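Read through the structure below, which is laid out as C-alpha cells, and then see the notes.
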Amino acid sequence: MKSLPVHRALLRPCLASASRRTFTSSTAHNNQLKSNAVEEKSKLGPGTEGPHIKDLPPKAPVTLNVADHNIKGDWVLFHPVYTEEELRSVEVLHREAKTLSDKIAYNFVRLARWAFDIASGYKHKPLPPDANNKTLDDLRRDGYLMDEAQWLKRILFLESIAAVPGMVAAALRHLRSLRLMRRDCGWIHTLLEEAENERMHLMTFMTLKNPSPLFRAMVIAAQGVFYNAFFLCYIVSPSTCHRFVGHLEEEAVITYTRCIKEIEAGHLPLWTNLPAPEIAKDYWRLPEDAKFLDVVYAVRSDESTHRFVNHTLASLDYKNDVNPFALREPDMTTKGKVVGFEREDSAKYIEETHKVLEEVARKEEN
C-alpha cells in the first residue's frame, strides 16, 4: 500500500509486517502505565474503578433487585480528570468547512440545532441596553434569560442524544473488524469512552431532576430517529459523521460556556452555591466542597475533548489510519484551544507517542 511519508505513522500500527515497535505492540507498556496511574489514584480513596464509598448500600442479604441497591459508579472506561487550569482553558472554536462532505455535516448540525432549540425551549437573546434596570424575573419573562428548570431541560435532552454517536460508531467498527477479520487500529475503545462519558453526564444531571413521562417520551422519539439515521449515515460516510459530531460538540461547548456565564453572573441563583452531586465528585475527582459550577466546567471540558477527537478522526482515512488517541491524549490546554488535528498532525503525534512508550520501556528495563 502506497502512502505519503508524512502519513506512514498513521498506517504502521495496522501493518502486520512492521519491523519496529508499533502502537499495537506497545499496548502492553501503555496498559502498565494506565494501571500504575489507576493504582496511584486509588491511594486517594475510592474513585473511577468502583462505587463511591458514600454511595455504597448498607450490608444486606444479597439480591439481584436493583431497586434494593442505590447503585452508582458504574463507569469503567478511561476519562480525563482535569486540573483547575485545564477546566478554564476551553475556548469556543469552529472549524471551517473545507470539503463538500464538511459542508454537508455542518449544515445538518445547523438543522439539528434549530430543531433542538425548539424541542428544548432554548432561547438566548442578547441582553437589552437597560438590563441593569430590570429584575431577573423581568428578563426571564421577556425571553432574555432561562431559569434553572429550562436550562436543565435542555441539558438533559442534549446529553440523552449526545451519547448515541459514539456507541453507533463503535458498534459498526466492531462489526467491520469482525467482518474483515482484522484489527480496528484503536478506534473502538475511544468511541466507547465517548459514549460512556456522555452517558455519565446524563446520570449526573439526573440527580437534579427526574424528567416527566412526556419528556422521556420525547427523548425516546428523538433517539429512535437519530440512532437509526446516524447508523445509516455512518455506513455511507464515517468521516462525514465524525465531522457532524465535531460540529455538534462545538455547539455543546457554546451551550455550556453560556451556562457557566449565567451562573457566574448570578442569573441562576439556585445553582450558585449548589453542592456538586456525589457521583460528579467521584467521577471527575472533584474536591469535597465542589459546587455545581465546577461540574459544568468539567462537562464543558469533556465536550471540548469530544470536539477535538471527532474533528481529528474525520480528517483520517477511516479504513486504514490508526486512531492517534488509542494510547495517549493531549492535555486540555491543547484540546481546549485547538479544534482538532489534521492528518499530518496526527502522524506527528503518533511518532511522539512511540518515543514516549520507548522511553518508558527503557526505564522499565533498567
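The values are calculated or read from the model by the stated rules, or taken from the named source; none is laboratory data. Just so we're clear, the structure is a prediction, and the values are computed from it rather than from any experiment. Counting neighbours? That spans all protein chains shown, and the Cβs are built from the backbone with ideal geometry, glycine included. For the accessible areas, the whole protein counts, side chains as well, though only heavy atoms, and no ligand, DNA or RNA atoms are used. Shrake-Rupley method; radii C 1.70, N 1.55, O 1.52, S 1.80 Å.
Observations, loosely collected:
- Being at pLDDT below 95, out of contact with any Phe, Trp or Tyr (no Cβ under 8 Å at 6 or more places or on another chain) and not in a loop (DSSP other than H, G, I, E, B) is a description that does not apply to Phe215.
- Flag for Ser160 being in contact with a helix residue (DSSP H, G or I) (Cβ under 9 Å, 6 or more places away or on another chain), open to solvent by 20 Å² or more (accessible area, probe 1.4 Å), assigned to a helix (DSSP H, G or I) and among the hydroxyl-bearing types (Ser, Thr, Tyr): no
- Residues (charged (D, E, K, R) and either more than 26 Å from Val92 (Cβ to Cβ) or over 15 Å from the mean Cα position of the chain (by Cα) (or both)) located in region 215-254: Arg216
- Scan of region 255-286 for residues that are modelled with pLDDT of 95 or more and within 17 Å of the chain's Cα centre (by Cα), ordered by number: Tyr256, Thr257
- Taking the criterion of being open to solvent by 60 Å² or more (accessible area, probe 1.4 Å) and on the phi < 0 side of the Ramachandran plot, the residues of region 179-196 that qualify are Arg179, Leu180, Arg182, Arg183, His189.
- Residue under evaluation Ala361, criteria (1) within 30 Å of Arg95 (Cα to Cα); (2) in contact with a His (Cβ under 9 Å, 6 or more places away or on another chain), criterion not met: (1)
- Of residues in region 245-268 being open to solvent by less than 10 Å² (accessible area, probe 1.4 Å), aliphatic (A, V, I, L, M) and touching a residue at least 60 places away in the same chain (Cβ under 8 Å), the one nearest to Lys335 (Cα to Cα): Val253
- Looking at Asp147, Asp138, just one residue is among the acidic types (Asp, Glu), out of contact with any Phe, Trp or Tyr (no Cβ under 6 Å at 6 or more places or on another chain) and more than 22 Å from Thr255 (Cβ to Cβ), and that residue is Asp138.
- The residue list Phe231, Phe308 contains one member that is open to solvent by 10 Å² or more (accessible area, probe 1.4 Å) and either within 19 Å of Arg176 (Cβ to Cβ) or at pLDDT 95 or above (or both), which is Phe231.
- Yes/no for Val225 being surrounded by fewer than 17 Cβ atoms within 10 Å (Cβ to Cβ) and at pLDDT 90 or above: yes
Conditions tested, residue by residue: (1) closer than 23 Å to Lys123 by Cβ; (2) part of a loop (DSSP other than H, G, I, E, B).
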{"position": "Leu208", "(1), (2)": "yes, yes"}
{"position": "Phe226", "(1), (2)": "yes, no"}
{"position": "Thr240", "(1), (2)": "no, no"}
{"position": "Arg258", "(1), (2)": "yes, no"}
{"position": "His267", "(1), (2)": "yes, yes"}
{"position": "Asp294", "(1), (2)": "no, no"}
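- Residues within region 269-285 that are open to solvent by less than 30 Å² (accessible area, probe 1.4 Å) and either outside any helix (DSSP H, G or I) or within 26 Å of Leu93 (Cβ to Cβ) (or both), tallied: 6
- Scanning region 234-244 for residues that are under 21 Å from Asn320 (Cβ atoms) and open to solvent by less than 50 Å² (accessible area, probe 1.4 Å) returns Tyr234, Ser237, Pro238, Ser239, Thr240, Cys241, His242, Arg243.
- Residues within region 88-139 that are open to solvent by 50 Å² or more (accessible area, probe 1.4 Å), under 27 Å from Glu264 (Cα atoms) and part of a helix (DSSP H, G or I), tallied: 5
- In region 336-355, of all residues being over 19 Å from Ala314 (Cβ atoms) and out of contact with any Ser or Thr (no Cβ under 9 Å at 6 or more places or on another chain), the one that is least open to solvent (accessible area, probe 1.4 Å) corresponds to Glu351.
- Condition check for Pro330: under 29 Å from His201 (Cα atoms) and open to solvent by 30 Å² or more (accessible area, probe 1.4 Å): no
- Condition check for Ile188: over 19 Å from Val253 (Cβ atoms) and either in a helix (DSSP H, G or I) or not charged (D, E, K, R) (or both): yes
- Out of Arg176, Arg199, sole residue that is out of contact with any helix residue (DSSP H, G or I) (no Cβ under 6 Å at 6 or more places or on another chain), without any contact (Cβ under 8 Å) to a residue 24 or more places away in the chain and open to solvent by 30 Å² or more (accessible area, probe 1.4 Å): Arg176
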